[in-house]
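Readers should treat all values here as calculations from the given coordinates under stated rules, not as data from a laboratory. These numbers were taken from a predicted model, which means no experiment stands behind them. Every residue, glycine as well, gets a Cβ built from its backbone with ideal geometry; the counts of neighbours run over all protein chains shown.
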Amino acid sequence: MSISFNQAYDLVCPTCNRPFTADTWVIVDAEERPDLALAVREITLHDTVCPHCGQTGMLSAPLLYHDRTARAVVFGVPRDMPEAEWRELAQGLLWMLIGALPRPQQLPYLGEVQAEDGLAGVAAALGQLRPVPLSAIDAIGDALGSDDPDELPPLAEAIMELLDAKSSADLDRVLNAYPFLLDAAMDEGLAGLAEAATDQGEFEIGQAFERARIVLTQLRQTLDRAAAQQAATTQPTPAEPVAPPPASWSAARRALLALEDSAGLADLLAAHPVLAESSADSWLAEDEQSLRDTGDLGQAQLVAEARALLRGERG
Ligand SMILES: [Zn+2]
């Protein structure tokens with residue numbers, strides 16, 4: 001399987017206004033394709049030629065550049081692309097790159113992506129690639145120690161922070177900073193990294209990846225359960241059944257319905273304290289509803305007025 005990857009871009013020529021399609025490299029593996037690596041250094045990789053009029057131009061496309069021998073991954077951010085968008089794009093291309101590499105080459109340094117300004121930025125960065133970190137442990141240490149705001153949130157850093165989380169608040173913070181950790185693809189990615197690290201004799205790192213994988217699997221299960229519970233509790237719950245009224249209710253109700261206005265309300269409540277109970281309005285509401293159900297609208301109206309009187313809404 002080839003590692004370098006090209007993508008078709010539908011373009012419209014700015015000179016002759018005719019549409020054409022350009023195949024553009026968005027992942028370049030330097031070891032696999034030295035010719036493309038050279039085009040990166042010469043900043044010609046994203047050049048286009050209109051097949052209709054010969055107009056040349058340069059496409060504003062992303063580029064993820066990988067050099068295994070230098071243990072470097074550099075991402076060229078397309079011009080004017082919002083940060084949230086290019087970070088997501090870079091992450092997607094990184095997964096493609098990792099997936100295309102043979103397992104033993106899926107090493108933690110791949111998570112340390114250096115972001116640069118466009119193709120020209122990548123070309124400039126290639127001129128000053130640092131020497132290779134000695135081991136995966138060093139690579140993760142470098143990622144953690146990095147305070148360069150232009151760097152992508154490295155996979156290594158996300159994983160180290162995840163393993164470092166001491167509380168659920170810590171975990172929330174890590175997952176907010178690196179939402180891709182919860183992607184289902186992460187599970188396979190981490191399994192690959194764990195195996196590769198172990199193959200390379202980096203047992204500690206391999207175990208760290210395995211632990212991260214277990215933590216994330218448990219988190220995903222917890223979130224799934226919470227989502228299921230959420231769905232269950234949003235079902236409408238039946239109204240609390242109201243306890244039936246006491247024996248004293250019948251006389252109290254009769255007296256209430258006979259009341260002409262609020263002037264006698266205080267005396268009525270003193271004589272029939274059951275009317276002051278919190279359930280009194282519910283009992284009257286049931287009463288009103290059953291009268292409406294049987295078509296006795298006159299009596300229902302009387303009960304409705306009595307309720308208003310009792311609630312102090314009517315003089
Ligand atoms: Zn043209």
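Observations on the structure shown:
- Value of D in µm² per second that Stokes-Einstein yields for the chain, Kirkwood Rh from Cα pairs, at 25 °C (0.890 mPa s): 96 µm²/s
- For the chain, the longest principal axis of the C-alpha atoms and the axis of helix 249-258 are separated by about 80°.
- Within segment 51-121, antiparallel bridges make up roughly 50 percent of the DSSP beta bridges whose residues both belong there.
- Taken about its Cα centre, segment 249-310 carries a charge dipole of roughly 100 debye when the Cβ of each Lys and Arg holds +1 and the Cβ of each Asp and Glu holds -1.
- Sum of -39500 (n - 2.57) over DSSP H runs of 4+, divided by residues of the chain (222 nm, nearest 500): -16000 deg cm²/dmol
- Beta bridges per DSSP, both residues in the chain: antiparallel share near 65 percent.
- Peptides ranked, highest mean first, by Cβ atoms within 10 Å: ranges 290-303, 74-87, 183-196: 183-196, 74-87, 290-303
- Basic side chains Lys and Arg get +1 at the Cβ, acidic Asp and Glu get -1 at the Cβ, and with that the dipole of the chain about its Cα centre reaches some 440 debye.
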